[in-house]
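A quick write-up on the structure given underneath.
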Amino acid sequence: MFIVFSLYFVNLKPYLAGKQILISLREASQNPDTEKVISSFNDVFSYNTFGTPEGREQLSGYASGIIDAEQISQDKKIKVVSRATQEMEQQVKDAPNDARYYIFLGTLYARMNRSDEAIKTLAKALELSP
């Protein structure tokens, strides 16, 4: 029984998370429905594996990319960027000594014109990795 559980948590669950990241990236590149993209990324996060930080980074990139998209409504942009920001804020809490996540979060803040938060967050990244 122990072997079955360990196979699930060590092999299958991370495999499924990785597969879901690829599905999410395909959705993000091909599907204009932001709700479906967010839902797909939420599926990645539900596995709660080492794939979660990668999913958060990819969602952050997607959010940064759609801010200037004219075909997406402002309400949908706000929802995507808010979700990405929420996930990156959680990632910074989960890995507070990793400058990379501060850079992603600072970039999101900057893209949202939250300059004070962007400066503070990017300064923390610089402090962690001069």
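The values are calculated or read from the model by the stated rules, or taken from the named source; none is laboratory data. As the structure is a prediction and not an experimental result, all values here were calculated from the model. Counting neighbours? That spans all protein chains shown, and the Cβs are built from the backbone with ideal geometry, glycine included. With ligands, DNA and RNA removed, areas are computed over all heavy atoms of the protein, side chains included. Shrake-Rupley method; radii C 1.70, N 1.55, O 1.52, S 1.80 Å.
How much area per residue is accessible in the chain when the probe is 1.4 Å and only protein heavy atoms are counted (Å²)?
Solvent-accessible surface per residue comes out at 60 Å².
Note down the magnitude of the dipole of the range 43-130 about its Cα centre, charges +1 on Lys and Arg C-beta and -1 on Asp and Glu C-beta and zero elsewhere, to the nearest 20 debye. Don't skip to the end; give the middle numbers.
Working: 11 positive and 13 negative charges, 30 e Å.
Taking the Cα centre of the range 43-130 as origin, the dipole is about 140 debye.
Place +1 on the Cβ of every Lys and Arg and -1 on the Cβ of every Asp and Glu in the chain, take the dipole about the Cα centre, and give the residue among Tyr102, Gly55, Asn11 whose Cα lies farthest towards its positive end.
Of the options given, the answer is Asn11.
Applying a 10 Å radius around every beta-carbon, put 42-52, 63-73 in order of their mean neighbour count, most first. Intermediate values should be presented prior to the final figure.
Details: 42-52: 17.4, 63-73: 14.2.
Highest-to-lowest ranking by the protection proxy: 42-52, 63-73.
Note the full-extension length gain between Leu128 and Gln30 as 0.36 nm times their separation in residues minus their Cα-Cα distance, in nm to one decimal.
Numbers: separation 98, 0.36 × 98 = 35.28 nm, distance 3.63 nm.
Residue separation times 0.36 nm, minus the Cα-Cα distance, leaves 31.7 nm.
Below 8 Å between Cα atoms, with a sequence gap of 6+, how large is the relative contact order for the chain in percent? Each step should come with its number before you reach the end.
Details: 124 pairs, mean separation 23.2, N = 130.
About 18 percent, as a whole number.
Note the angle between two axes, namely the Cα long axis of helix 34-47 and the longest principal axis of the Cα atoms of the chain, as a number of degrees from 0 to 90, rounded to the nearest 10.
50
If I fit a long axis through the Cα atoms of helix 99-111 and take the longest principal axis of the Cα atoms of the chain, what angle between them do I get, 0 to 90°, rounded to 10?
50
Over the range 37-81, what percent of the accessible surface lies on carbon and sulfur atoms, probe 1.4 Å?
The C+S portion of the solvent-accessible surface of the range 37-81 is 47 percent.
Taking only the alpha carbons of the range 5-130, what extent do you get along each of the three principal axes, in Å, biggest first?
46, 38, 17
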